[in-house]
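Peer 1: Handing you a structure now.
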Amino acid sequence: MPEYPATALALTEAIRDGEMTSEEAAAASLAAIERFDGRLGAFLSVGDPVDPPVDGILRGLPYAAKDNLCTRDFPTTCASGILADYTPPYDATAIAGMTRAGARLVGKTNMDEFAMGSSNENSGIKPTRNPWDLQRVPGGSSGGSAAAVAAGLVPLALGTDTGGSIRQPASFCGITGMKPTYGSVSRLGLIAFASSLDQIGPLGRTARDCALAMDVLVGRDAGDSTSIEHPHAGQFLQAALEERESLRGVRIGLPAEYYAEGIDPEVARVARRAAKTLEDLGAIVEEISLPHTAYALPVYYILASAEASSNLARFDGVRYGLRAAADDIDDLYRRTRGEGFGEEVKRRIMLGTYALSAGYYDDLYVKAARVRRVMVRELEEAFKVYDYLLTPTSPTPAFCLGERTEDPLAMYMADLCTIPANMAGIPAISFPGGFVGDLPVGVQLMGPRLSDAGILATADLFQRVTDYHRVRPPLWGGDTS
């Protein structure tokens, strides 16, 4: 029987080969959750999973899902008081796909409320802690999913990424997280934050784990008008498993703006060492400039907040979720939203509503949309010369709980390196690139639209010649009481 926690791929192979039953795998996951999650706070709900009556490529694999993905067997709260105890009547397309492939959902993970945050401290229920250091954040907004995988509670988890919410927690927790090309994974059943930026993706210990999940998640869905046919659907694991020993002929750009002021010098050094490893594997690595990167943060927070203002208008206390006591309909809206939404969600709704208001729409929203198009064109031009871009995933390692809660701008800076990929709808992956002190640091690889398979294969080759992804946090190997 393989040692637990195993990688997702190793666990599916063990179940297929009869070395472990799906029931044993689920029991091991549930035992780990019971043993550790009281200290981590990664899960919002846990249940003994039903074994799907299929023998798909995930073969009884236990997994977790971020709590903004609709599940009919678990509550879906978005870690918000406004959706406390809400259970949807259907599964999101991504969840249904995992079930058809044979995976077993063991629980829903904690998150920043409505996916608005970079530390998981904006959860309306409880904070999640980083398994590498319980006094530090796991990142956000998919912090619960990242912490659960890093701590070995599950071998695989689903998250969502609007401005870095898969990749930044993956970096902080020392695991691998993939944001697919926009539209390649159906968003049907994802409770929306910013519809033009949101994307569902996997978090696992390795690039191969993410590729395994991508083979299940990626595909056209008639229920999501933004979903697309991906030319490599069903071929991601095959691409990662190819016995490539070289990156000869691959051109990788290092954008200077991602290694400049605002980036911890030690983090930049980790990314440059990763670049040297890829160069040793045959890649051509060159410095480039993407000057419009400087506008990514303000443009993102105008556009994402504007979309959130529109999307969250549906939470009115009339149809589902919290309904506050009120004297009339206007009072109902005001009281329900005032009592149900947390401070960060209110902040972004107000910012978005302001940006969309008649007097400021042209100066804020329209101008931000134009700058977004300029940024997209700049990236497209870079990808005419380079196959991929390599950057730090986050400007710093995981920071301490409470360190940035009173400084929203400092919190927003945590997504400085990840936002451009969402703006352009391109794929990006974060994988362990080294350590700063005792804390893991991720590096990010971005590619042009539909280059998901190449990104996964490149990250896998890096992981075949390095051991950073094999190091476990002290939570597992230390105190087991």
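Values quoted throughout were computed directly from the atomic coordinates according to the rules given, and no laboratory measurement underlies them. Keep in mind that this is a model prediction, so the values were computed, not measured. Because the Cβ atoms are built from the backbone with ideal geometry, glycine has one as well, and the counts that use them run over all protein chains shown.
Peer 1: Please compute the length gained on full extension between Lys384 and Arg35, using 0.36 nm multiplied by the number of residues separating them and subtracting their Cα-Cα distance. Intermediate results must be reported in sequence, preceding the final value.
Peer 2: On the way: separation 349, 0.36 × 349 = 125.64 nm, distance 4.99 nm.
120.7 nm is the gain from fully extending Lys384 to Arg35.
Peer 1: Please work out whether the stretch 367-480 counts as rounded, prolate or oblate from its C-alpha gyration tensor, where a ≥ b ≥ c are the square roots of the eigenvalues and a/c under 1.5 means rounded, while otherwise a/b larger than b/c means prolate and anything else oblate?
Peer 2: Working: a/c = 3.15, a/b = 1.29, b/c = 2.43.
Judged from the Cα gyration tensor, the stretch 367-480 comes out oblate (a/c at least 1.5, b/c at or above a/b).
Peer 1: How do Tyr468, Tyr360 line up, fewest other C-beta atoms within 10 Å first?
Peer 2: Numbers: Tyr468 19, Tyr360 15.
With the fewest neighbours first, Tyr468, Tyr360 line up as Tyr360, Tyr468.
Peer 1: Once you put a point 7 Å from the Cα of Glu406 and another 7 Å from the Cα of Tyr86, both along the Cβ direction, what distance in nm separates them?
Peer 2: My value for the distance between the label points is 3.3 nm.
Peer 1: Let a ≥ b ≥ c be the square roots of the eigenvalues of the Cα gyration tensor of the stretch 90-183; is it rounded (a/c under 1.5), or, if not, prolate (a/b larger than b/c) or oblate?
Peer 2: It is prolate, given that a/c is not under 1.5 and a/b is the larger ratio.
Peer 1: Work through the residues other than Val374 whose Cβ is under 12 Å from its Cβ and net out their charges, Lys, Arg +1 and Asp, Glu -1.
Peer 2: On the way: positive: Lys367, Arg370, Arg372, Arg373, Arg377; negative: Glu378, Glu380, Glu381.
Surrounding charge for Val374 is +2.
Peer 1: Obtain the nm distance between the two label points defined at Val366 and Arg16 by a simple spin-label model: each point lies 7 Å from its Cα along the Cα-to-C-beta direction.
Peer 2: 5.6 nm
Peer 1: Just rank Thr396, Thr12, Thr21, fewest to most, by other beta-carbon atoms within 10 angstrom.
Peer 2: Details: Thr396 20, Thr12 27, Thr21 14.
So the ranking, lowest neighbour count to highest, is Thr21, Thr396, Thr12.
Peer 1: Lysine pairs in the chain with alpha-carbon atoms under 22 Å apart, 8 or more places apart or on different chains: how many are there? Display every interim value, and only then the final one.
Peer 2: Numbers: Lys66/Lys108; Lys66/Lys126; Lys66/Lys179; Lys66/Lys346; Lys108/Lys126; Lys108/Lys179; Lys126/Lys346; Lys179/Lys384.
Pairs that pass both the separation and distance tests number 8.
Peer 1: Kyte-Doolittle mean at least -0.5 and Cα extent at least 24 Å along the axis: which DSSP H helices of the chain qualify?
Peer 2: On the way: long enough: 22-40 (26 Å, 0.04).
The qualifying helices are 22-40.
Peer 1: Over what distance in Å are the Cα centres of the stretch 222-250 and the stretch 263-328 separated?
Peer 2: 23 Å
Peer 1: Same structure again: Viscosity 0.890 mPa s, temperature 25 °C: give me the Stokes-Einstein translational D for the stretch 74-117 in µm²/s, with Rh taken as the Kirkwood radius over C-alpha pairs. Can you show the working numbers first?
Peer 2: Details: Rh = 11.7 Å.
For these conditions, the coefficient is 210 µm²/s.
Peer 1: For the stretch 53-199, what does the relative contact order come out to in percent, with C-alpha contacts under 8 Å and a separation of six or more?
Peer 2: Values: 359 pairs, mean separation 35.3, N = 147.
Result for the stretch 53-199 is 24 percent.
Peer 1: Report the normalised scattering of the stretch 181-332 as log10 I(q)/I(0) at q = 0.11 Å⁻¹, calculated by the Debye formula with identical scatterers on the alpha carbons.
Peer 2: Rounded to two decimals, the profile gives -0.72.
Peer 1: Ok, one more. Using alpha-carbon positions, what is the distance between the centroids of the stretch 395-417 and the stretch 80-103, in Å?
Peer 2: So the two Cα centres are separated by 30 Å.
Peer 1: How big is the equivalent ellipsoid of the stretch 291-435 along its three axes, where each semi-axis is √(5λ) from the Cα gyration tensor, reported in whole Å from largest to smallest?
Peer 2: Values: eigenvalues 231, 84, 35 Å².
After diagonalising the Cα gyration tensor, the semi-axes are 34, 21, 13 Å.
Peer 1: To continue, here is another question. Can you give the calculated 222 nm mean residue ellipticity of the chain, where each DSSP H run of n ≥ 4 adds -39,500 (n - 2.57) and the sum is split over every residue, rounded to the nearest 500 deg cm²/dmol?
Peer 2: Working: 16 runs with 171 residues, N = 481.
For the chain, the value works out to -10500 deg cm²/dmol.
Peer 1: How large is ³J(HN,Hα) for each residue in the stretch 406-415, as worked out from phi by the Karplus curve 6.51 cos²θ - 1.76 cosθ + 1.60 (θ = phi - 60°), to whole Hz, x for Gly and Pro?
Peer 2: 9, 10, x, 5, 4, 5, 4, 5, 4, 9
Peer 1: Suppose R0 equals 25 Å; then what is the FRET efficiency for Arg269 and Ser246 from their Cβ-Cβ distance, rounded to the nearest 0.05?
Peer 2: Working: r = 25 Å, r/R0 = 1.00.
The computed FRET efficiency comes out at 0.50.
Peer 1: Right, something else. Taking 0.36 nm per residue of sequence separation and subtracting the Cα-Cα distance, how much length would be gained by fully extending the chain between Val376 and Arg72, in nm to one decimal?
Peer 2: Values: separation 304, 0.36 × 304 = 109.44 nm, distance 3.75 nm.
Here the answer is 105.7 nm.
Peer 1: Quick check: the distance between the Cα centres of the stretch 428-462 and the stretch 141-220, to the nearest angstrom?
Peer 2: 13 Å
Peer 1: As a footprinting exposure proxy, order Asp209, Asp37 by other Cβ within 10 Å, with the fewest listed first.
Peer 2: Numbers: Asp209 30, Asp37 21.
In order of increasing Cβ crowding within 10 Å: Asp37, Asp209.
Peer 1: For the stretch 79-144, go through all pairs of different Cα atoms, get the mean of 1/r, take its inverse, and jot down that Kirkwood value in Å. Walk me through the numbers on the way to the answer.
Peer 2: Details: mean 1/r = 0.0762 Å⁻¹.
Hydrodynamic radius (Kirkwood, Cα pairs) of the stretch 79-144 is 13.1 Å.
Peer 1: Which FRET efficiency, nearest 0.05, do Ser289 and Lys126 yield, Cβ-Cβ r, R0 41 Å? Intermediate values should be presented prior to the final figure.
Peer 2: On the way: r = 43 Å, r/R0 = 1.04.
The pair Ser289/Lys126 has a calculated efficiency of 0.45.
Peer 1: Cβ under 13 Å from Gly402's Cβ, Gly402 left aside: what net charge do those residues give with Lys, Arg +1 and Asp, Glu -1? Show your work: numbers first, answer last.
Peer 2: Numbers: positive: Arg129, Arg136, Arg404; negative: Glu121, Glu403, Glu406, Asp407.
Summing Lys/Arg as +1 and Asp/Glu as -1 gives -1.
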